[in-house]
Amino acid sequence: MNALEVDHLSYHYRDGRAALADVSFEVREGERVALVGPNGAGKSTLLLHLNGLLPERAAREPHVTVFGMPVSESNLLEVRARVGLLFQDPDDQLFCPTVFDDVAFGPQQQGLSVHQVRERVTEALRDVGLEGFEQRMPHHLSRGEKRRVCLAGVLACRPGLLVLDEPTSDLDPRGRRELIALLRSLPVTQLIATHDLELVVELCPALILMDRGRVIRQGPSIELLSDEGLMLAHGLESPHILHHLDGRDR
């Protein structure tokens, strides 16, 4: 089953500039897929369509389907319960006075009981390595800790599809390693928009390359990242980690 289907999706900003142009791809359930491309490729704009945060204008039919369910106004509550979106800047996602309140917000909107909400918060904070942080104030946390609180808030809603926008940006090496290990351990479909191409090699077997609002190529990550001509033509470089892989891994 496909967790996500994007079918001929186009989008223009209000000033008329094209942000997405006839974008089509699929993500199978259980896959971890990287979404890469230079700045301005349309990656973040695309992600906002996946749970209806950036609705299509004058669309006769929905162009995004999640687990067989069209992303349309009538389905937004259910879609947002299935698609967990982690923003690039954690400060855009944290707005409550304590970590507990932030992580609890999503489950509360799902109508769960007080006991169920507390269980979800405890489990999510344990999953991201932040047990005991319940009463901490988010704005006093490090950048990496904030990002993990945001991820806990998403996981507490138990989404089937996890969508992440530049999850390793501004993380120190230890925070980056911990986040990659955490994402690898999660049994959930993932679509990860990133400039961190070494993360792609370590974490995502499949890759979608975008540029100027279009999907350029889709396929095995190592195969596409090893194509230096392709990477350079679209503002990227093959990651150094590929030079350390032996021929069998390629």
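The values are calculated or read from the model by the stated rules, or taken from the named source; none is laboratory data. This structure is a prediction, so every number in the text was calculated from the model and none was measured. Every residue, glycine as well, gets a Cβ built from its backbone with ideal geometry; the counts of neighbours run over all protein chains shown.
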Legend entry - Candidate set from region 101-118 (those that are of a type in the set (Gly, Ala, Ser) and touching a residue at least 24 places away in the same chain (Cβ under 8 Å)); member that is surrounded by the fewest Cβ atoms within 10 Å (Cβ to Cβ): Ala104
Inset, instruction - For Ala206, indicate whether it is touching a strand residue (DSSP E or B) at 6+ places or on another chain (Cβ under 9 Å), under 17 Å from Phe87 (Cα atoms) and of a type in the set (Gly, Ala, Ser). - result: no
Legend entry - Unique residue being surrounded by 15 or more Cβ atoms within 10 Å (Cβ to Cβ), in contact with a Leu (Cβ under 7 Å, 6 or more places away or on another chain) and either hydroxyl-bearing (Ser, Thr, Tyr) or in a strand (DSSP E or B) (or both) when the list is Val6, Val33: Val33
Legend entry - Residues of region 169-202 satisfying the condition of being hydroxyl-bearing (Ser, Thr, Tyr) and either touching a strand residue (DSSP E or B) at 6+ places or on another chain (Cβ under 8 Å) or crowded, with 21+ Cβ neighbours inside 10 Å (or both): Thr189, Thr194
Inset, instruction - Output the number of residues of region 12-27 satisfying the condition of being surrounded by 13 or more Cβ atoms within 10 Å (Cβ to Cβ) and out of contact with any His (no Cβ under 7 Å at 6 or more places or on another chain). - result: 7
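Does Val64 qualify as being within 17 Å of Val23 (Cβ to Cβ) and either touching a Pro at 6+ places or on another chain (Cβ under 8 Å) or of a type in the set (Ser, Thr, Tyr) (or both)? Talk me through it step by step, then tell me what you get.
Details: within 17 Å of Val23 (Cβ to Cβ): yes; either touching a Pro at 6+ places or on another chain (Cβ under 8 Å) or of a type in the set (Ser, Thr, Tyr) (or both): yes.
Yes; evaluated as a whole, the condition is true for this residue.
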Inset, instruction - Restrict the check to region 19-30 and report whether at least one residue is farther than 15 Å from Asp165 by Cβ, polar (S, T, N, Q) and in contact with a strand residue (DSSP E or B) (Cβ under 7 Å, 6 or more places away or on another chain). - result: yes
Inset, instruction - Could you tell me whether any residue of region 37-50 is surrounded by 17 or more Cβ atoms within 10 Å (Cβ to Cβ), at pLDDT 90 or above, touching a His at 6+ places or on another chain (Cβ under 7 Å) and under 25 Å from Ile180 (Cβ atoms)? - result: yes
Inset, instruction - Give the number of residues within region 136-158 that are farther than 13 Å from Cys96 by Cβ and buried (at least 22 other Cβ atoms within 10 Å of the Cβ). - result: 5
Legend entry - Residue pairs meeting the criteria (Cβ under 7 Å; at least 6 apart or on separate chains; first assigned to a helix (DSSP H, G or I), in region 214-234; second among the basic types (Lys, Arg) and surrounded by 12 or more Cβ atoms within 10 Å (Cβ to Cβ)): Leu224/Arg217; Leu230/Arg217
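Given Leu125, Leu197, Leu162, Leu191, which one is more than 25 Å from Ser44 (Cα to Cα), modelled with pLDDT of 95 or more and under 19 Å from the mean Cα position of the chain (by Cα)?
Leu125
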